1. Could you say which residue among Asn130, Asn161 is loosely packed, with under 14 Cβ neighbours inside 10 Å and free of Cβ contacts under 8 Å to residues at least 40 places away in the same chain?
2. Going by the conditions given, is Ala76 at pLDDT below 90, more than 21 Å from the chain's Cα centre (by Cα) and among the hydrophobic types (A, V, I, L, M, F, W, C)?
3. For segment 152-160, check the following and say yes or no: at least one residue is touching a Leu at 6+ places or on another chain (Cβ under 7 Å), charged (D, E, K, R) and either on the phi < 0 side of the Ramachandran plot or assigned to a strand (DSSP E or B) (or both).
4. Please go through segment 18-39 and give me each residue that is acidic (Asp, Glu) and open to solvent by 40 Å² or more (accessible area, probe 1.4 Å), ordered by number.
5. Go through (1) outside any strand (DSSP E or B); (2) at pLDDT 80 or above; (3) closer than 20 Å to Lys153 by Cβ; (4) open to solvent by 40 Å² or more (accessible area, probe 1.4 Å) and name the single condition Cys100 misses.
6. Tell me which residues, restricted to segment 40-55, are touching a strand residue (DSSP E or B) at 6+ places or on another chain (Cβ under 8 Å), open to solvent by 60 Å² or more (accessible area, probe 1.4 Å) and either within 30 Å of Lys124 (Cβ to Cβ) or assigned to a loop (DSSP other than H, G, I, E, B) (or both).
7. Mind telling me which of the residues Val144, Val110, Val122 ends up being farther than 25 Å from Asp33 by Cα and surrounded by 13 or more Cβ atoms within 10 Å (Cβ to Cβ)?
Amino acid sequence: MTMIRESDLPGVGRKFQIETNTGEKLAIIIHNDGRRELYHFDQEDPDEIISGVSLDDDEARQLAAIVGGMTYKPKALETVEVSLEELVIEWCKVESHYKCKNQSIAELQVRQRTGATILAIVEKNSQKINPSPSEKLHADMTLVIAGERKQIKALKELLING
């Protein structure tokens, strides 16, 4: 089983150290400002970095979607993911031109009109898990949304067009 160790880096963020089933060692540092650094270590010398990459928040989320199988699901995994089947979880930033601004989740009738769910709202200095239907949406907040692909698409259209 893959081993993951997690630790706080005061003033910096959080560090995740991963040892894969094949013995590969990775470190991921998530900075408080949203940057991510990924490091791959030599199996023979765990202090020797083979490679590293730095990603901004958007790049990291795109990479997570690819690695997590949200953009392409290999046929071999279809039998493994039976319990989640078509579930997709995405982050969607409310832009200033979106018609959903200043409307509540209830006013938009998100679930009734799209079938998708808003799991969380993330803002610069706060986050709300399972927001109430009375929660109003505004520009620059990021929504964590879940549903089937067609439901996610319908929700994004609702956010843009009101």
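1. Only one candidate qualifies: Asn130.
2. yes
3. no
4. Those that are acidic (Asp, Glu) and open to solvent by 40 Å² or more (accessible area, probe 1.4 Å): Glu19, Glu24, Asp33.
5. Cys100 satisfies all of (1) outside any strand (DSSP E or B); (2) at pLDDT 80 or above; (3) closer than 20 Å to Lys153 by Cβ; (4) open to solvent by 40 Å² or more (accessible area, probe 1.4 Å) except (4).
6. Taking segment 40-55 as the starting set, the residues that turn out to be touching a strand residue (DSSP E or B) at 6+ places or on another chain (Cβ under 8 Å) are 40-43, 46-55.
Remaining after also requiring open to solvent by 60 Å² or more (accessible area, probe 1.4 Å): 43, 46-50, 53-54.
Those that are touching a strand residue (DSSP E or B) at 6+ places or on another chain (Cβ under 8 Å), open to solvent by 60 Å² or more (accessible area, probe 1.4 Å) and either within 30 Å of Lys124 (Cβ to Cβ) or assigned to a loop (DSSP other than H, G, I, E, B) (or both): Gln43, Pro46, Asp47, Glu48, Val53, Ser54.
7. Val110
The values are calculated or read from the model by the stated rules, or taken from the named source; none is laboratory data. It should be emphasised that the depicted structure is a prediction, and the values quoted were computed from it without experimental measurement. As a convention, Cβ positions derive from the backbone with ideal geometry for all residues, glycine included, and neighbour counts pool all protein chains shown. Heavy atoms of the whole protein, side chains included, go into the accessibility calculation; ligands, DNA and RNA do not. Shrake-Rupley method; radii C 1.70, N 1.55, O 1.52, S 1.80 Å.
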